[in-house]
Amino acid sequence: MSDIKVRLSAMRKRYLVTTDHLESRIWFRDDDDFVVGMNHVAIQAFLTKVTVLAFILMSNHVHFVLYGTWEECEAFIDNFKARYSQYLFRKYGIREQLRRNDFEIKELPYDDEAFEKAVAYTNMNCVAANICLYANQYPWGTGDCFFNPSRPVGKRLSDFSKRELKRILHSDFTDLPSEWIIGERGFILPQCYVNVKYVEEQFRKPSRMTWFLNNSSKAKKTRESSGGPMASFRDQSILSMLPDLYRSLFHKNRFQELTDDEKVECLRQIRYRFSSDVHQLARVTGLTYAQAAALLDAP
């Protein structure tokens, strides 16, 4: 190996990449959006040559644990945001929603279990959001990838034509490894490109991973918040039901059409019916946190 390659290899490190939480908007409005997001993760992992070690796609933010140079990790998240933003524009007409969605890239040292904590933190986001009881029940990430003896089930990319792959992946780029598998939900399974073996070697055994999951900051936050309001419905589920709520209560089609008094009543109805907290109310209605809180506090 040349000196240049040795130096480049030495620069590759493990990083936790996290986007800021969008306050009044969400990345993924329905399951189809999540499927597209999952496929773009696979495509960008292949194009940027980073090694994906863990990730999760949440309604208003995403987390990745990556191995590569800082520049490669930056290119990965920048390109992922850009390509998914193009999809949002084509489907919803939303321009540059993610352009100013900042992100943080944090190095994970090798000497203080930072890697194990980052993987647990990432996978437990869905549990902290009260979407599911266990990380392996959440399909939009790597929660079910590790220490799972089941073999991936689906169809190889080589079983599809180029035209079919463009339609399925929502991307013109289809020159991916032919042995990668598309599962029954319609996305490339993370086991195809996530370095599962490396992660399992770091945790060493399933019980040790379970310990980190149960003691992650996300798990502790869930336990500490047990006395307060927590969302029990996914953002996507609430969004799908809101049009009926607007029509049945106010004979209108959109939240923006409501009067201020109607918005107050609407927020209270959503909170009552779906156990939503203020953060979720803001996301599903397009309000800022301050606006949603002020309306809820109105007499």
For the chain, longest principal axis from Cα atoms; helix 70-92 axis from its Cα atoms; angle between them, nearest 10 degrees, is 40 degrees
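Among DSSP beta bridges lying fully in the chain, give the percent that are antiparallel, nearest 5.
Given both bridge residues lie in the chain, the antiparallel proportion sits at roughly 95 percent.
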Rounded to the nearest 10 degrees, the helix 260-274 long axis (Cα) sits at an angle to the longest Cα principal axis of the chain of 60 degrees
Row for segment 1-153, column shape: gyration tensor on C-alpha, a ≥ b ≥ c, rounded if a/c < 1.5 i.e. under 1.5, prolate if a/b over b/c, else oblate; value oblate
Total charge of the residues flanking E72 in space, meaning their Cβ is under 14 Å from its Cβ, with Lys and Arg +1 and Asp and Glu -1, is 0
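In debye to the nearest 20, how big a dipole does segment 11-148 give about its Cα centre with +1 on each Lys and Arg Cβ and -1 on each Asp and Glu Cβ? Don't jump to the answer; show the numbers that get you there.
Details: 15 positive and 19 negative charges, 99 e Å.
Charge dipole of segment 11-148: 480 debye, to the nearest 20.
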Between R254 and R151, the two model label points (7 Å from Cα along the beta-carbon direction) sit apart by a distance in nm of 5.1 nm
So the angle from the long Cα axis of helix 114-123 to the longest Cα principal axis of the chain, reported in degrees to the nearest 10, equals 40 degrees
Listed residues M241, M124, M209; largest mean-square fluctuation, Gaussian network over the chain with Cα springs below 10 Å, found at M241
Taking a ≥ b ≥ c as the square roots of the eigenvalues of the Cα gyration tensor, with a/c under 1.5 meaning rounded and otherwise prolate when a/b exceeds b/c and oblate if not, segment 133-292 is oblate
Over 21 Å (Cα to Cα) among K13/K106; K13/K49; K91/K155; K91/K166; K49/K197; K81/K166 -> K91/K155
So for segment 235-296, using the alpha carbon gyration tensor with a ≥ b ≥ c as root eigenvalues (a/c under 1.5 gives rounded; past that, a/b versus b/c decides prolate or oblate), I'd call it oblate
Answer in debye to the nearest 20: the dipole magnitude of the chain about its Cα centre, from +1 Lys/Arg and -1 Asp/Glu charges placed on Cβ, is 520 debye
Dipole check, segment 235-296, charges on Cβ (K,R +1; D,E -1), about Cα centroid: among Q256, Q291, Q280 the Cα furthest to the positive pole belongs to Q280
For the chain, inverting the pair-averaged 1/r of distinct alpha-carbon atoms gives a Kirkwood value in Å of 20.7 Å
When I238, I94 are ranked with the fewest other C-beta atoms within 10 Å first, the list becomes I94, I238
Answer in debye to the nearest 20: the dipole magnitude of segment 62-101 about its Cα centre, from +1 Lys/Arg and -1 Asp/Glu charges placed on Cβ, is 420 debye
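No lab work stands behind these numbers, since they all come straight from the coordinates. What you see is a predicted model; the values in this text were computed from it and never measured. Note that each Cβ is placed from the backbone with ideal geometry, even for glycine, and that neighbours are counted across all protein chains shown.
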